[in-house]
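Read-outs: derived from the displayed coordinates by stated rules, not from any lab. Since we're looking at a predicted model, the values are computed, not measured. Here the Cβ positions follow ideal geometry from the backbone for every residue, glycine too, while neighbour counts run over all protein chains shown.
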Amino acid sequence: MTSSSTSADPQSRLDALDWPFHTERLTVRRSTIEDLDSLWKYRGLPEVSRWTSWHPADQEDWRRYQGDPARMARTLVFEYEGSIAGDLMLMIQDGWAQREAADLAHGTQAELGWALDPALGGKGLATEAVRELIRIAFDELGLRRVTAGAFADNERSTRVMERVGMRREAYNIKESFHRDLGWLDGIEYALLAEEWRTRA
Ligand SMILES: CC(C)(COP(=O)(O)OP(=O)(O)OC[C@H]1O[C@@H](n2cnc3c(N)ncnc32)[C@H](O)[C@@H]1OP(=O)(O)O)[C@@H](O)C(=O)NCCC(=O)NCCS
């Protein structure tokens with residue numbers, strides 16, 4: 001359940017962070033319009049869009065959709081050896097709350113997402129990037145909960161969620177429509193800041 005926003009756009013809190021952030025192998029930064037052509041090189045591949053929410057018809061479609069300011073505001077990229085290796089979504093949302101307490105749940109959680117250039121798969125780069133994404137959500141933004149969803153058959157993404165310590169909260173039977181495969185099962189994962197801190 002999600003409640004409606006009651007005050008300023010919480011996504012703008014990303015503007016105040018001290019970008020970029022670094023991990024052992026990666027640099028994580030905000031995405032810019034100049035990234036769109038680099039992202040297209042793997043985002044335009046059918047193997048990448050198979051499990052994502054859309055397949056761009058062509059590069060122009062990609063530029064129009066991904067270049068939307070609201071989408072750019074929630075997109076990060078991670079660089080490996082000086083080039084973009086993948087992208088991340090950090091979309092700040094309201095937690096569900098009763099109307100009288102909605103302000104207390106405003107902008108307290110984030111939905112996460114990720115995609116990796118398949119040429120760089122199997123090295124743990126996506127896992128490393130998502131770990132940093134979670135750290136940013138909890139340590140830098142002070143959020144209390146992160147979530148991620150996927151088609152249940154997206155096993156590689158599920159393994160990323162489990163490797164970073166996210167917890168499966170829901171398995172929904174035939175609730176998501178796939179453009180080629182019809183109605184499929186969906187999964188939802190989440191992690192609380194307190195769980196993450198305990199494990200860390
Ligand atoms: C989901 C996706 C990012 C996963 O990519 P990936 O290459 O499997 O993930 P990683 O980069 O974290 O690599 C993990 C693999 O590298 C291996 N690996 C090698 N070195 C590693 C290291 N240092 N640390 C962690 N894993 C390592 C792991 O064992 C793992 O392999 P396994 O799953 O066969 O056991 C990628 O498949 C993708 O972009 N898919 C398309 C978009 C998509 O589905 N997005 C999610 C929508 S919900």
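Brief remarks follow.
- Taking other C-beta atoms within 10 Å as the exposure proxy, 91, 161 rank 91, 161 from fewest upward.
- Calculated FRET efficiency for the pair residue 9/residue 81, C-beta based, R₀ 25 Å, to 0.05: 0.15
- Ranked 197, 43, criterion: other C-beta atoms within 10 Å, fewest first: 197, 43
- Top of 128, 24, 140 by mean-square fluctuation, Gaussian network on the chain, Cα under 10 Å: 24
- Computed over the chain, the Cα gyration tensor eigenvalues convert (square root of 5λ each) into semi-axes of 25, 21, 18 Å, ordered from largest to smallest.
- Between residue 17 and residue 140, residue separation times 0.36 nm minus the direct Cα-Cα distance comes to 43.6 nm.
- In this Cβ point-charge picture (+1 for Lys and Arg, -1 for Asp and Glu), the chain has a dipole of about 360 debye about its Cα centre.
- Mean separation of Cα contacts under 8 Å, 6 or more apart, over the residue count of segment 92-156: relative contact order %: 33 percent
- If R0 equals 25 Å, the separation of the Cβ atoms of residue 64 and residue 175 corresponds to a calculated FRET efficiency of about 0.30.
- Exposed-loop-free span, longest in the chain, where chymotrypsin sites (Phe, Trp or Tyr not before Pro) count as exposed if DSSP calls them loop and at most 13 other C-beta atoms lie within 10 Å: 97-200
- Put in line by how crowded their Cβ is, counting other Cβ atoms within 10 Å and starting with the fewest, 81, 169 read 81, 169.
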